[in-house]
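Asker: I have a structure here, written as structure tokens, and I will follow up with some questions on it.
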Amino acid sequence: MFHYTALDVDGTNVVSVDDSGRITANSAGTAVVLVTYDAMYVTDCGWDINKNKTFGAIWPENTGVVVVEVGENAANGPDANMTINNGDRKVAGNKLDAEADVLYYTGDDGCQYTFRPAAGSTVTLLRPTLTETAMTYTGGFGTDGVTTKGGDVTLTLTEGKNIVKISKDGADTYQVITVKKAGVVITNKTDPTRDILPGDTVTVQLTGVYHPANTMANLYSLYAYVSYTDPGSGDTVTGDKYFYQRHLFDRADGDSCRTVEVKIPADWDADEPYVLTNGVLSFYGNCKDIGSHRNSLPNLSISVPHSYSSFKLGALPDITIPVVKPNTADVTFSVKDDSGNAVNSCTIQLTNSSNDTVTINATAASATRTLASGKWSYVVTKEGYLPAKGTLTVVGGEDQAVNVELPLVTAIQVKTLPKKTVYTEGDTLNTAGLVVQAVTKNGASTLSADQYTLSPTLLKTVGQQAITVTFGQLTTTFEVTVREDIVTLETTLEDGITQRNSRMTFDVFAKDGDGNKLPASEVTVLLNGDPVSVNWDDDTKTSYTLHFTKEGVNTVVVKAHKASVTYTITYVKAEPGDVVGKAVFTVEALSLGGGYIIEPCYVDIIEGENAAQALARLLEERGFTYSNTGSLESGFYLSHIQGDALAGIDPTGDSIPQALREKLEEKNFDIQTRTDETSLGEFDYTSASGWMYCLKNVFPNVGFADSYLSEGDVVRVQFTVAYGSDIGGGFAMGSGDSAGYFDMANKDALTRRVAAINAEIEANPYYLEQNCLTKAYDAAMDVLTTLYVSQADVDAALADLPDPPVGHQLTAVEKVPATCETAGVEAYWKCSVCGKLFSDAEGKTETTLEKLAIPATGHAYGAPVWKWNDDFTASATFTCGNDTSHVENVTAEVTSAVTTPAACETDGVRTYTAKVTFDGKDYTDTKTEVIPATDHAYGEPVWKWNDDFKATATFTCTNDATHVENVTAEVTSAVTTPAACETTGVRTYTAKVTFDGKDYTDTKTEVIPATGHAYGAPVWKWNDDFTASATFTCGNDTSHVKNVTAEVTSAVTTPAACETTGVRTYTAKVTFEDKEYTSSKTEVIPAKSHDTELVGAKDATCTEDGYTGNEVCKVCQTVVKQGEVIPALGHDYKDGKCSRCGAEEPTTPVEPGKPTTGDSSTLVLWLALLAISGMAVTVIPSRKKRSR
């Protein structure tokens, strides 16, 4: 079913189209009729998919388009002159056929078509609008996409049916142009994997190109193929011609019809584009002239003529084949030694920037290889020679030669021994630091490790081992020392024990002769000959678990290298749930200064249980709860312990031992307050905190659930704030370097002993007192709860807790009688262990020193004996009448008074009185001293100066003011401060007397008036900006300088002219000390140059000359520049008149005639065709059947 849509382009309701396709003219104007048709309609036949739907049979861009113009002047449009190809076998001849001549393009810029319409024509364009389902037109004709130059019009067309309107003198001609976008696939047939080079064969395939004249009964039976001009050969190249399968062109299996093949000439310059041009669709076969289907229905009685020569339709886009320059060249390597002799049979290894490698195994002194363009590095090697290295740049098409010199090696030598020259038997040679040199004609050079071999590398012989270095056929040697393989093995196993638990966890410490831990792979553990697998391995130890199944004697062998240790363990089988022994447990917060959470105690070991299960029982028995990850059976990790007893541990962290606190700060740990006082666990206090445990004084590298306990094992569950490094267990976190911040003592034996005592105390609260253990027990607890304590202190505390206890160790102490001052003590017996006192030798009656004390007798002192010293200090000595050895010396308090005063010429008396107080009683004694006559005591004199600067000194005795002496002084004077310009001076007078053999002096000053300044004429200073200053200097003192800024005025003393300079004079003036001073300076005024104006200028006309004018100075009237004559312009005729002056042109050309070419169809012809056919197909200049 056909569908018709009429679109008005110019006018309203120009035409209408009925369902049969008949067009009726309604009013003057221009309209576009769009024609589509349906290919399939799906009825309601019980199939729900797409029922009652219609499907179109053509692509939107192939919609039929008819332009209809209605009006008196409809058939009188100008010639379009749109031609294409030679017009063979086409009704329209060489004129563009809207349906058959499809224009193809590539890219996104559309298709360009150039033509020359009738002179004086105007061209406008209406381009289609395409969607996925329809093609339509919006707006009207315009100049967008139209370019005119020199009479030629170039159209830029878009995909679909473009309508071109050519207008002249009120009449229009319309042309529909079909445009399609094509795709291009270019393939290098010579080598599809690389770029196209000169000499390659290339295929070019078009996609999206269709057959414009498909088979039509009694009209067309043609096969189609693409055709291009090859620029390399100048020949026409075409796609395949399928004579008997003409329908293949539009199908995928007809790709060869749309494909051309060209061979790029080997000498083609890749800088020149390789462009296929003159592309057309070529046809061959049987047909009437293309376009015949639009004239009438085919006459089946008329045979279709053969097309004996191909003809062309439409136009294909030019295609540029990307030809690049050759990217390879031949490189010839020539190899000689350092004496110029040819070297045969070498290997050349080449590598480019893309890490592509090429290996040349040359059999002669030269070798040639083709290499890709770019930078290459090469290494040339041959046994017995030093390698040669270099780089080269390969330029495509440019062969080159490379000369290589290989130095011949005549000897090798060891320049530097390896850093490691001492080994243990079985070690592998370490070549770090080894420097081997090759000796050549030009000296020695260092060889890389891959250029020589060493033998042996596995060192098995103890003693001095020679190592042979080999380079080609050359050798040299050096020696290393190989020590015997000495291994130390320590374990936490005990030999000869009886084991009732079926599982036992233990650790192995295996070290080489240098103290380095051996890896687990070098240690073997056998239980009764069967290997025991590793639990875990860290930087310090390796842990294992023994699983006993054999009752009786079991043999455990631990081996590493040549070392071996054997243990015998007797296994007594127990039933699951049986108690098979006791272990000692503690729960400690020593790192927090919190002591024990659970003191040392016994915990039953139950057959089948692991350490996690034993710990869980202990915590529950002691009233604690806990949280964990994993389970008691596997992967148990104790994350928190909860209980009210934890509230006693300082939550702030202030109780952390000071040494540890300092270490935490050094390690940048931030101490935080514990938020839950009844819980303690991971991330409390620090980010590295949590619970760890040590077993047999070793921090295991496995969890609780993987440890199995044996009789007497000590398990210390400890809180850490630093991943174990604070408690000696850092290595358990995987690094031996962090085993501990401080040395940690082994407390297992002391912990085990305290656990035994605690068990006794639980049974008998008086056990400590009865066995004289209280002091030692308290001391032991202090040692155990101190985080950092020495091993000596631990061992001493253990020694003070013997097992069994020895009881009191009594020693008799004799009676001490009482004395005057001290009490006595009755006889008693003292325990050397606990320090307690007993009043009987059997130690049954405990006593104290207070109860045994005898009171002191007291002293019997009489009158003292006095002693006076030369300095009139005194003391009194009291002697006890009961014991003359008891003597008390008391220092007296001595006072004195002048009882007879001394005068200047007579003696006096001083009396001293000594007093002591002893046993509540005062005792005194006296002594006298002669006071000598005082003599006179003259002090400093009183001076008197007269107005004439004469002076006297008066001396008065301090002992007797009536004794006075007056002495006349000798006076001298000197200028001590000279007078200056602005300041006064000083003259100083000095008076001197001698009295009683001593000199006395006094001074007095006199002012000297200032001298005043003596300024002369100033020194002038002129600045670049014509400011000035005057400097005055004092004649009396040159340091006195006055700078005065001048007031400057200026005047033009010689004016400047146009060509001569002038003078400006500056005058500076200052006033100083009421006197005026002046100075002057001149400045050159530049010549002004001429200030010109244009005089006598005149424009040229068509017939008269003009003049540019003279440049004349407005100041001095000098002609600075002479003007020039401007020639007359002459007439510029356009359209018969001068464009400048309007003068008539003498003659006017005759308008050229209008050409009459082309196939112009009128509306009447179209209407007639429609009437004859009764089908819309006969009036559509372009239609294409195509299935989606």
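Asker: Amide H neighbours of Val436 under 5 Å, counting only residues 5+ apart in sequence or on other chains, H built in-plane at 1.01 Å?
Answerer: Lys415, Leu447
Asker: Then there is this: Please report how far the C-alpha centroid of segment 139-183 lies from that of segment 943-1010, rounded to the nearest whole angstrom.
Answerer: Using only Cα atoms to place each centre, the spacing works out to 132 Å.
Asker: Still on this structure, please answer the following. Would you work out the relative contact order for segment 640-697, in percent, from Cα pairs under 8 angstrom that are 6 or more residues apart?
Answerer: With pairs under 8 Å counted, the relative contact order is 40 percent.
Asker: When 1/r is averaged over all different Cα pairs and the result inverted, which Kirkwood radius in Å belongs to segment 579-744?
Answerer: That comes to 16.0 Å for segment 579-744.
Asker: Give me Rg over Rh for segment 346-487, both radii from the alpha carbons and Rh done the Kirkwood way, two decimal places.
Answerer: 1.13
Asker: Write down Rg/Rh for segment 835-915, rounded to two decimals, with Rg from the C-alpha atoms and Rh from the Kirkwood relation over Cα pairs. Display every interim value, and only then the final one.
Answerer: Values: Rg = 26.0 Å, Rh = 17.9 Å.
Rounded to two decimals, Rg over Rh is 1.45.
Asker: May I pose another question? Taking H as built 1.01 Å from N, whose amide H comes closer than 5 Å to the amide H of Ile486, not counting residues under 5 places away?
Answerer: Gly513
Asker: Quick one: if the Förster radius is 41 Å, what FRET efficiency do Glu575 and Thr675 give, using the C-beta to C-beta distance and rounding to 0.05?
Answerer: 0.35
Asker: To check my understanding: the extent here is largest minus smallest coordinate of the Cα atoms along each principal axis. What are those three numbers for segment 488-571, in Å, largest first?
Answerer: Reported extents, whole Å, longest axis first: 39, 22, 19.
Asker: Summing -39500 (n - 2.57) over the DSSP H runs of n ≥ 4 in the chain and dividing by its residue number, what mean residue ellipticity at 222 nm do you reach, to the nearest 500 deg cm²/dmol? If you can, show how the numbers build up before the last one.
Answerer: Details: 8 runs with 75 residues, N = 1188.
Only helices count here, giving -2000 deg cm²/dmol.
Asker: Then there is this: Treating cross-link reach as a plain straight distance, find the aspartates and glutamates whose alpha-carbon is under 16 Å from the alpha-carbon of Lys95, omitting any fewer than eight places away in the same chain.
Answerer: By straight Cα distance, Lys95 reaches Asp79, Asp289, Asp1159.
Asker: By how many nm would the segment from Glu846 to Asp8 grow when fully extended, if each residue of separation counts as 0.36 nm and the alpha-carbon distance is taken off?
Answerer: Numbers: separation 838, 0.36 × 838 = 301.68 nm, distance 13.70 nm.
Value of the extension gain: 288.0 nm.
Asker: Also, quick follow-up: For Asp539, Asp684, which order do you get if you count the other beta carbons within 10 Å of each Cβ and list the fewest first? If you can, show how the numbers build up before the last one.
Answerer: On the way: Asp539 17, Asp684 21.
Final ranking by Cβ density, sparse to dense: Asp539, Asp684.
Asker: Additional query: In a shell of Cβ-Cβ distance under 13 Å around Thr906, excluding Thr906 itself, what net charge do Lys and Arg (+1) and Asp and Glu (-1) give?
Answerer: Its environment carries a net charge of -4.
Asker: Using a 10 Å cut-off around each Cβ, can you sort Leu417, Leu798, Leu632 from fewest to most neighbouring Cβ atoms?
Answerer: Values: Leu417 14, Leu798 20, Leu632 17.
In increasing order of surrounding Cβ atoms, one gets Leu417, Leu632, Leu798.
Asker: Oh, and also: Can you divide the C-alpha Rg of segment 411-483 by 2.2 N^0.38 Å and report the result to two decimal places? Show your work: numbers first, answer last.
Answerer: Working: Rg = 12.5 Å, N = 73, 2.2 N^0.38 = 11.2 Å.
Dividing the Cα Rg of segment 411-483 by 2.2 N^0.38 Å gives 1.11.
Asker: Could you point to the residue in His211, Val435, Ile605 farthest towards the positive end of the chain's charge dipole, with +1 and -1 charges on the Cβ of Lys/Arg and Asp/Glu respectively?
Answerer: Most positive-ward Cα: His211.
Asker: Please report Rg over Rh for the chain, where both radii come from the alpha carbon positions and Rh follows the Kirkwood definition. Walk me through the intermediate numbers first.
Answerer: Numbers: Rg = 65.0 Å, Rh = 51.2 Å.
Using Cα coordinates only, the ratio equals 1.27.
Asker: What are the ³J(HN,Hα) values, in whole Hz, obtained from phi via the Karplus relation 6.51 cos²θ - 1.76 cosθ + 1.60 with θ = phi - 60°, for each residue of segment 782-792 in sequence order, with x given for Gly and Pro?
Answerer: 4, 5, 5, 8, 8, 4, 10, 9, 6, 5, 5
Asker: Taking a cut-off of 28 Å between Cα atoms, list the lysines near Lys1021, but don't count ones fewer than 8 places away on the same chain.
Answerer: Excluding near neighbours in sequence, the set is Lys1042, Lys1069, Lys1075, Lys1081.
Asker: Using the Kirkwood formula over every pair of different C-alpha atoms, what hydrodynamic radius in Å results for segment 1019-1085?
Answerer: Radius from the Kirkwood sum: 13.4 Å.
Asker: Output ³J(HN,Hα) for segment 594-605: one whole-Hz value per residue in order, computed from phi by the Karplus curve 6.51 cos²θ - 1.76 cosθ + 1.60 with θ = phi - 60°, and x for Gly and Pro.
Answerer: Each residue of segment 594-605 in turn: x, x, 8, 8, 10, 6, x, 8, 7, 10, 5, 9 Hz.
Asker: A follow-up question, please. Sort segment 101-171 into rounded, prolate or oblate with this rule: let a ≥ b ≥ c be the square roots of the eigenvalues of the Cα gyration tensor; rounded if a/c is under 1.5, and if a/c is not under 1.5, prolate when a/b is larger than b/c, oblate otherwise.
Answerer: oblate
Asker: Quick check: net charge around Thr201, other residues with Cβ under 12 Å of its Cβ, Lys/Arg +1 and Asp/Glu -1?
Answerer: Summing Lys and Arg as +1 and Asp and Glu as -1 gives -2.
Asker: Here's another thing I want to ask about it. So which aspartates and glutamates can Lys1114 reach, going by Cα to Cα under 17 Å and dropping same-chain residues fewer than 8 places off?
Answerer: List returned: Glu1059, Asp1091, Glu1093.
Asker: Looking at this model, which pairs from Lys559/Lys696; Lys511/Lys696; Lys161/Lys241; Lys562/Lys696; Lys541/Lys775 are more than 31 angstrom apart at the alpha-carbon? Can you show the working numbers first?
Answerer: Values: Lys559/Lys696 21 Å; Lys511/Lys696 19 Å; Lys161/Lys241 29 Å; Lys562/Lys696 27 Å; Lys541/Lys775 39 Å.
Violating the 31 Å Cα-Cα cut-off are Lys541/Lys775.
Asker: Further question: Using θ = phi - 60° and the Karplus form 6.51 cos²θ - 1.76 cosθ + 1.60, what ³J(HN,Hα) does each residue of segment 692-709 get, whole Hz, x for Gly and Pro?
Answerer: Once θ is set to phi - 60°, the couplings for segment 692-709 become 9, 9, 10, 10, 6, 6, 10, 7, x, 9, 10, x, 3, 5, 9, 10, 10, 9 Hz.
Asker: Which distance in nm do the two modelled labels at Gln464 and Thr229 give, with both placed 7 Å along the Cα-to-Cβ direction?
Answerer: Result: 9.3 nm between the two label points.
Asker: Okay, next question. Could you tell me the convex hull volume per residue, in Å³, taken over the Cα atoms of segment 942-1008?
Answerer: In segment 942-1008, the Cα hull volume divided by residue count equals 92 Å³.
Asker: Counting every Cα pair in segment 328-406, what percent are over 15 Å apart?
Answerer: Taking all Cα-Cα pairs of segment 328-406, the fraction more than 15 Å apart is 51 percent.
Asker: Over the chain, what is the mean sequence separation of C-alpha contacts under 8 Å (at least six apart), divided by residue count, expressed as relative contact order in percent?
Answerer: 6 percent
Where a number appears in this text, it was derived from the coordinates with a stated rule and is not lab data. Source: prediction; values computed, not measured. Neighbour counts are summed over all protein chains in view; Cβ atoms, including those assigned to glycine, are modelled from backbone coordinates with ideal geometry.
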